1. How much length, in nm to one decimal, is gained on full extension between residue 92 and residue 26, taken as 0.36 nm per residue of separation minus their Cα-Cα distance?
2. For 111, 172, what ranking results if the residue with the fewest other Cβ atoms within 10 Å of its Cβ goes first?
Amino acid sequence: MSQPPAASRPRLHRRLYDWVLHWADSRYAAPALFLLALAESSVFPVPPDVLLIALVLGQPRRAIYFAALCTVGSVVGGVIGYLIGWGFWAAVSDLFFRLVPGVTPEGFERMRRRYDEWGVAVVFIAAFTPIPYKLITISAGVFRIDFVAFVAASVVGRAGRFFLVSVLLRWMGPKVRPIIDRYFEWLALAFGVLLVGGFAAVKYLR
């Protein structure tokens with residue numbers, strides 16, 4: 001199965017983005033948020049933040065509920081991704097590398113070295129930052145990362161991300177949305193870099 005032409009990917013991603021947003025005005029918005037968060041953790045390319053932001057802006061009093069729903073869905077999806085990597089990797093690996101842009105067997109091998117060096121901290125960093133979470137969930141299963149530690153790191157990282165977005169929107173309202181849209185991924189990435197630096201410092205000072 002060949003990959004779609006590079007020029008078609010932005011258009012496809014835009015259509016998926018618009019399709020996700022249309023659920024915000026549906027009576028099935030909450031189930032859609034849960035299922036989107038679940039699917040994004042293993043296969044779907046559009047992050048659930050897109051729908052989460054729209055729902056919190058539309059119903060700010062339910063911000064905590066939406067954040068919790070998004071967190072649960074994402075962690076459940078992460079467990080599915082882990083199980084795919086743990087039990088079915090030999091059957092799906094070729095398809096995975098063909099369908100996930102930018103992910104190669106060489107890059108996957110580098111993930112093994114990251115796990116050897118940082119352990120479950122890799123899961124937490126990916127759960128909070130823009131690093132594709134699905135890559136981490138599946139690779140964690142492939143490399144047999146401790147399952148309980150994987151779930152715990154996923155819960156903390158995903159909850160930290162989704163509750164931060166929801167609380168900021170609930171507290172500051174629509175005026176904070178442009179800031180989140182423009183800078184949140186960079187701020188999350190910077191936090192991840194600082195976290196890695198902290199682990200490195202602790203390791204160095206031992």
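1. 20.4 nm
2. The fewest-first ordering by Cβ neighbours comes to 172, 111.
Only the coordinates and a few stated rules stand behind these numbers; no lab work does. Please read these numbers as outputs of a predicted model, since none were measured by experiment. Positions of Cβ are backbone-derived with ideal geometry, glycine not excepted, and every protein chain shown enters the neighbour counts.
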